[in-house]
Amino acid sequence: MVLLSMKLKATILTLLFISFVSFSVYAQNSAVSHKINVDVPEVALLGLVAESSKEITVSAVAPNEAGSAVDFSLKNKDHIWINYSSILSKSTQKRKVIATVQGEIPAGVTLNVQASEYSGAGKGKLGKSAGVVTLSNQPTDVIVDIGSCFTGKGVNNGHYLTYQLQQKTSSVDYAQLSQSQIAVNVVYTLTDYN
Amino acid sequence: MRATFIILFLLSSIQFTFGQQLQLEISGSANFDNAMFTVKEAGLDFASVLENESSVLLTLFQSDDITKKNNPNSKWRIAIYKQDDWSDDLLLEVKRAGSGKNIGNNGKTNIHGGENYQVIRKTEGLFFEGMGEIRDIPLNLKLSGFSVTMGAGSHNSRIVFTVYEGW
C-alpha cells in the first residue's frame, strides 16, 4: 500500500512537472517586428537672395583733379546673399561654391568678389570665405570647406557678396581703359571637390 | 489510478483555459525614403516632421481553434518598443489610425487606446488594448528630428509589437 502510494505521488509529481512545462510553452506571448528604413539622400542646393536687386552696379569714379587716376575703390552697397543646403554622405567629403563670369570684363580692370564669413540661422559644417578672388571665365572658388549644413533662407543668412573693380597695375593696362558700360553675369555653383 | 486520471484531466483543462495562442501579424511597409527627404529651398533644413500614413496593418487572431470557440472575446493588450542605435534626437512615433475589422463578423470592433501619437522607445510600453480577433488595424508612423546636418545615409530601426493576454 505504501509502495503504491509512493508510485502515485511520483506519477502526480511527474504530471505536474510536464503540465508546468507545457503551460510555460503555451503561455508565450506573440511578437512581430517591422523594419523601418530611413534613407537620407545627398542634396546640393544653392540660391542667391538680393537685399534689393540682383543687378549690382560697380562703377569707377572720375578723378577730381587733373593728373589723378580713376578711382576704382567703390564697392557695392546692396548685397547679394548666398544661401545653400548641402547633404553629403561622408563627413570627409567637402563642397565649395565656385563663380564663373559669362561675358567680357572691360580691358584694364579686374572684377573681384569677396564672400563674407557665414552668419545667420543655419547649422552644420558651414563653408568659409575664400577671401578676395578675381573673377574670370574660369571657375573660381568663392566659398570652401562646406560639409552637411544649411545656411538659413533669405537675406542675413549665409554669405553676402561684395564686388569691386580693380585697375590693373601696369601702364599698358591703364592705357586700355575706355569709357564703357558693360554687363556681365556671374554664375555661382555649389559643387563637390574633385 | 482514478485519482491520477482526474488530476490529469484537471491539468489539461487548466491548460486549455490558459493556453490561448493570440497571434500577431503585420503587413505593409513604412519607409521614409529619398522622396520624403526633400529640401524645399536653398538654405532650408528638412521638414521638421515626416509622416507615413496607414501603410502598416496589424492583425490579431487566435491560432488555437478550441480557445477561439470557447473564448472568442478574450481580452488582449499590445505593447511596443524599438531596436536601433539612433540618437535621442530622432523620434519615431506611432498611432492607431483606425479600428480594423472583426474576423468572422461585421460588428464594431472592441479596441481602445493608441489613437494619439506616442514616441516609440527602446523600452516596452503599452500601445492599445482590445477584445477578440481583429484584422487590418491601420497604423501611422511619424518621424521627427532629422536634419540636413546629419548627412546622407541609411538609418534603420525595428519596431517590435507584442500581444499579451488580459487588460
- [ ] Would you be able to say whether some residue in segment B:44-57 is polar (S, T, N, Q), part of a strand (DSSP E or B), under 17 Å from the mean Cα position of the chain (by Cα) and closer than 30 Å to A:S86 by Cβ?
- [x] yes
- [ ] Select from segment A:29-67 the residues that are more than 7 Å from chain B (Cβ to nearest Cβ), touching a strand residue (DSSP E or B) at 6+ places or on another chain (Cβ under 8 Å) and not small (G, A, S) and write down the one among them that is nearest to A:I182 (Cα to Cα).
- [x] A:V58
- [ ] Keeping to segment A:44-67, report how many residues are outside any strand (DSSP E or B), within 18 Å of A:K168 (Cβ to Cβ) and of a type in the set (V, I, T).
- [x] 1
Task: Members of segment B:105-141 found to be surrounded by 20 or more Cβ atoms within 10 Å (Cβ to Cβ) and among the charged types (D, E, K, R), listed by number - done: B:E133
- [ ] Answer yes or no as to whether A:Y174 is of a type in the set (S, T, Y), under 29 Å from the mean Cα position of the chain (by Cα) and either at pLDDT 85 or above or surrounded by 13 or more Cβ atoms within 10 Å (Cβ to Cβ) (or both).
- [x] no
Open item on the list: Is it the case, given these coordinates, that B:E93 is closer than 22 Å to A:S33 by Cα, at pLDDT below 90, touching a strand residue (DSSP E or B) at 6+ places or on another chain (Cβ under 6 Å) and not small (G, A, S)?
Closed with: no
Task: Output for segment B:127-167, where each listed residue is on the phi > 0 side of the Ramachandran plot and facing chain A (nearest Cβ under 7 Å) - done: B:G151, B:G153
Open item on the list: Quick test for you: out of A:G131, A:G147, A:G108, pick the one residue that is more than 13 Å from chain B (Cβ to nearest Cβ) and touching a Lys or Arg at 6+ places or on another chain (Cβ under 7 Å).
Closed with: A:G108
Open item on the list: Looking at (1) basic (K, R); (2) at the interface with chain A (Cβ under 10 Å from one of its Cβ atoms); (3) more than 27 Å from B:T123 (Cα to Cα), which one does B:K82 not meet, given that it meets all the others?
Closed with: (3)
- [ ] Return only the number of the condition from (1) touching a residue at least 24 places away in the same chain (Cβ under 8 Å); (2) within 15 Å of the chain's Cα centre (by Cα) that B:L90 does not satisfy.
- [x] (2)
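The values are calculated or read from the model by the stated rules, or taken from the named source; none is laboratory data. In this text, all values refer to a predicted model and were calculated from it rather than measured experimentally. A quick note on method: Cβ atoms are made from the backbone with ideal geometry, for glycine too, and the neighbour counts reach across all protein chains shown.
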